[in-house]
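Read the structure below first, then the notes.
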Amino acid sequence: MSVIVVGLNHRTAPLELLERVTVPSARLPKALADLRARAALDEVVVVSTCMRTEVYATADRFHPAVQDIRNFLCESSFSAPEDVIDHLTMLYDDAAIGHLFSVASGLDSAVLGESEVLAQVRSAWETARVEGACGSVLSGLFRHALEVGKRVRSETAIARGTTSVSAAAVALAADHLDGTLQGRRILVMGAGEMGEGMAVALAGAGVAEVQVANRTRARAQALADRVGGRAVAFDSLGTALTEVDVLLTSTGAPEPVLTAEDLAPVLQERAGRPLLVVDVAVPRDVDLEVRDLEGVTVLDLDDLRAFAHAGLQDRRREVARVHGIIDEEVAEYLREVLARQAAPTVASLRARAEEIRLGELDRFRARLDGLDDRQRESVEAITHGMVAKLLHEPTVRLKDAAGTPRGERLAEAVRALFDLD
């Protein structure tokens, strides 16, 4: 059985397509059930963030599994296959494992070394476990991926500096306002993980005021209290937008939250004062028509990617070291998997050998009755040692060849020769 990954990410697909295929957290259980119901797929985990939507699965046959996942992505996003297929990442076994480890390490992120992705990978795995979509194989793989992500961040400088999308969004806003947000009034729309990250980053930026808006007023109030800001009711956005200099938004809403029609009366109230909008939501919170309004500058994830790419020389020097760690960890993971594949046959072989050893000792019990305790211990040690030495080489060969056609032939031969179950 192979591990495969099929999906799209910010490197392979335009933002418009990523918006369509993204799987909001509310729809994730249904998506997992849909994928599990498809004939070629066994275990499934869906990692869907602002930067990627990727399906990790176990399958006996690669091409039917890819077809099932591609169909799912097209159906769930109402996209034609020809619009999706050229942008797909399709990897299996070593390459799929290495890709997940790269994602967890922050190598495959728009902001190199970003920290938020590790929590997103963990959340995707935990949801799949709760929904019964993830078994022992993918659980072992994702557990190892989280360990790799932690090791990379502790042993390299890949996470030094601005290494989160939310912090980069704040830095991007500052860059467009003469390099500082000092004295500015900022509205953060959305109090989820991304909104929280932006609000916390703002708290140390010397801004005049942070306002927080969220559909759930209690969450907005909690976040505002945390950063010393002010909560804003969602139905009072118009008033808030007349006051602030910058809007930072990431709500997770399936449709645009802010349209040109919404902003038209706001701009009249602003009397020509410019408004900067940084929209890092996928799908986008701000309708594309807003870009055409005079006095409004809208930046999105494409702009953030370009901005983050500009100043990464220090962290780029760490990429080779991170790749080295990932290569080590892929090899270690495969060794563990192969050892587990050989383990049942090895255990059965050792159990049969021990059964024979004990049977022979029992058969000669009458001849051994005259031995004292020390002599009995010697007989026990000698027979146990003989069995261990005889089984050592077969055990090593089985483990070394596990997961290969030769390993399967050896295991089958051992089971047949020793009549193992």
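Taking the criterion of being surrounded by fewer than 17 Cβ atoms within 10 Å (Cβ to Cβ), in a loop (DSSP other than H, G, I, E, B), in contact (Cβ under 8 Å) with a residue 12 or more places away in the chain and more than 31 Å from the chain's Cα centre (by Cα), the residues of the range 222-281 that qualify are 228, 233, 259, 272, 273, 274. Just one of the numbered conditions (1) charged (D, E, K, R); (2) open to solvent by 10 Å² or more (accessible area, probe 1.4 Å); (3) under 21 Å from the mean Cα position of the chain (by Cα) is not true of residue 60: (3).
For residue 185, the criteria (1) on the phi > 0 side of the Ramachandran plot; (2) more than 17 Å from the chain's Cα centre (by Cα) hold in every case but one, which is (1).
Every residue, every condition in (1) farther than 15 Å from residue 142 by Cβ; (2) surrounded by fewer than 17 Cβ atoms within 10 Å (Cβ to Cβ), yes or no:
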position	(1), (2)
33	yes, yes
41	yes, no
45	no, no
75	yes, yes
80	yes, yes
84	yes, no
102	no, no
108	yes, no
116	yes, no
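When you check residue 55 against the structure, is it under 25 Å from residue 283 (Cα atoms) and either open to solvent by 10 Å² or more (accessible area, probe 1.4 Å) or over 20 Å from the mean Cα position of the chain (by Cα) (or both), yes or no?
Taking the combined requirement at face value, the residue does not satisfy it.
Return a yes/no flag: does the range 366-376 have any residue that is among the aliphatic types (A, V, I, L, M), surrounded by fewer than 19 Cβ atoms within 10 Å (Cβ to Cβ), in a helix (DSSP H, G or I) and at pLDDT 85 or above. Can you show your working first?
Going through the range 366-376, the residues among the aliphatic types (A, V, I, L, M) turn out to be 366, 368, 371.
Going one step further and asking which of them are surrounded by fewer than 19 Cβ atoms within 10 Å (Cβ to Cβ), we end up with 366, 368, 371.
Then drop every residue that is not in a helix (DSSP H, G or I), which leaves 366, 368.
Filter once more, so that each one left must be at pLDDT 85 or above: none.
Checked against the condition, which is being among the aliphatic types (A, V, I, L, M), surrounded by fewer than 19 Cβ atoms within 10 Å (Cβ to Cβ), in a helix (DSSP H, G or I) and at pLDDT 85 or above, the range 366-376 yields no hits at all.
Here residue 10 clears all of (1) open to solvent by less than 10 Å² (accessible area, probe 1.4 Å); (2) touching a strand residue (DSSP E or B) at 6+ places or on another chain (Cβ under 9 Å) except the condition numbered (1). Scanning the range 341-363 for residues that are touching a residue at least 60 places away in the same chain (Cβ under 8 Å) and either of a type in the set (Asp, Glu) or open to solvent by 50 Å² or more (accessible area, probe 1.4 Å) (or both) yields 341, 352.
Checking the stated criteria, residue 310 turns out not to satisfy the condition of being exposed (fewer than 12 other Cβ atoms within 10 Å of the Cβ), at pLDDT 80 or above and either among the polar types (S, T, N, Q) or closer than 30 Å to residue 151 by Cα (or both).
Put simply, of 122, 151 the only residue that is assigned to a helix (DSSP H, G or I), in contact (Cβ under 8 Å) with a residue 60 or more places away in the chain and open to solvent by 10 Å² or more (accessible area, probe 1.4 Å) is 151. Condition first: part of a loop (DSSP other than H, G, I, E, B) and either closer than 16 Å to residue 297 by Cβ or open to solvent by 10 Å² or more (accessible area, probe 1.4 Å) (or both). Now tell me which residues in the range 162-190 satisfy that. Hits for the range 162-190 are 162, 163, 164, 176, 177, 178, 179, 180, 181, 182, 183, 184. Residue 156 satisfies every condition listed in (1) of a type in the set (S, T, N, Q); (2) farther than 20 Å from residue 299 by Cβ; (3) open to solvent by 30 Å² or more (accessible area, probe 1.4 Å) except (3). Looking at 316, 335, 321, which one is in contact with a helix residue (DSSP H, G or I) (Cβ under 8 Å, 6 or more places away or on another chain), farther than 25 Å from residue 209 by Cα and open to solvent by 40 Å² or more (accessible area, probe 1.4 Å)? Within the list 316, 335, 321, the selection yields 321. Checked against (1) open to solvent by 10 Å² or more (accessible area, probe 1.4 Å); (2) part of a helix (DSSP H, G or I), residue 138 meets all criteria but (1).
The values are calculated or read from the model by the stated rules, or taken from the named source; none is laboratory data. The structure presented is a predicted model; accordingly, all values stated were derived computationally and were not measured. Neighbour counts are summed over all protein chains in view; Cβ atoms, including those assigned to glycine, are modelled from backbone coordinates with ideal geometry. When the accessible area is computed, the model is the full protein with side chains, heavy atoms only, and any ligands, DNA or RNA have been set aside. Shrake-Rupley method; radii C 1.70, N 1.55, O 1.52, S 1.80 Å.
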